[in-house]
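Peer 1: Structure provided below as structure tokens; questions to follow.
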Amino acid sequence: MRILAVDYGDARTGLAVCDRGELLASPVGVFHSADRQAVIGEICRQAETLQAGLVVVGNPLNMNGSAGPRSELCRSLAQELAERLPCPVRLWDERSTTVSATHYLNMTDVRGKKRKNTIDAVAATIILESYLAYRKNHPGEE
């Protein structure tokens, strides 16, 4: 099944997708908008275009596992997506994914404007890789 991952942000939202075999996660791109309804519309369009059977929304929990304001926004986004999409929508713990994405971009020497336009899609890819690893190691536990 193809799975679409979302790294939701105030100004940029990163998207990533996996292949039908759920082996390879790849960045789709970054959608630049602060308009929540525009973001929801774009995620729905991408889910349809990519024939996603599931959408995973990154949930930026605090390091102690509690939900902060950003987490509540992502939870609300996931709820709205679930109401509009024909496929299931899941929240997935995304703690430290932006840090991991930054580290990856440092290692690959991506800088400047390209970095700003890439980091959210890389973060979405890391969210998806984490989710795929969980599914592989915990079949049927969703």
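The values are calculated or read from the model by the stated rules, or taken from the named source; none is laboratory data. Everything numeric in this text was worked out from a predicted model, so none of it was measured. Here the Cβ is made from the backbone with ideal geometry for all residues, glycine too, and neighbour counts use every protein chain on show.
Peer 1: Filter the stretch 99-133 down to the residues that are modelled with pLDDT of 70 or more and either outside any helix (DSSP H, G or I) or among the acidic types (Asp, Glu) (or both), then identify the one that is surrounded by the most Cβ atoms within 10 Å (Cβ to Cβ).
Peer 2: ASP120
Peer 1: With the requirement that a residue be touching a strand residue (DSSP E or B) at 6+ places or on another chain (Cβ under 8 Å), closer than 13 Å to LEU4 by Cβ and among the polar types (S, T, N, Q), what does the stretch 30-69 give you?
Peer 2: Residue satisfying the conditions is GLN46 alone.
Peer 1: Residue check, LYS136 against (1) in a helix (DSSP H, G or I); (2) within 16 Å of VAL57 (Cα to Cα); (3) modelled with pLDDT of 70 or more, all met but one. Which one?
Peer 2: Here LYS136 clears every test but (2).
Peer 1: Return the residues of the stretch 42-57 that are crowded, with 19+ Cβ neighbours inside 10 Å and β-branched (Val, Ile, Thr); say none if nothing qualifies.
Peer 2: Across the stretch 42-57, the qualifying residues are ILE43, VAL55, VAL56, VAL57.
Peer 1: Something else now. When only residues in the stretch 69-98 that are polar (S, T, N, Q) and part of a helix (DSSP H, G or I) count, which is nearest to ILE126 (Cα to Cα)?
Peer 2: Going through the qualifying residues, I end up with THR97.
Peer 1: For VAL55, work out the one condition from (1) among the β-branched types (Val, Ile, Thr); (2) under 21 Å from HIS138 (Cα atoms); (3) out of contact with any Pro (no Cβ under 8 Å at 6 or more places or on another chain) it doesn't fulfil.
Peer 2: Failing condition for VAL55: (3).
Peer 1: Name the residues in the stretch 1-26 that are surrounded by fewer than 22 Cβ atoms within 10 Å (Cβ to Cβ) and not aliphatic (A, V, I, L, M), would you?
Peer 2: Passing the criteria: ARG2, ASP10, ARG12, ASP19, ARG20, GLY21, GLU22, SER26.
Peer 1: When you check VAL39 against the structure, is it hydrophobic (A, V, I, L, M, F, W, C), surrounded by 18 or more Cβ atoms within 10 Å (Cβ to Cβ) and touching a residue at least 60 places away in the same chain (Cβ under 8 Å), yes or no?
Peer 2: no
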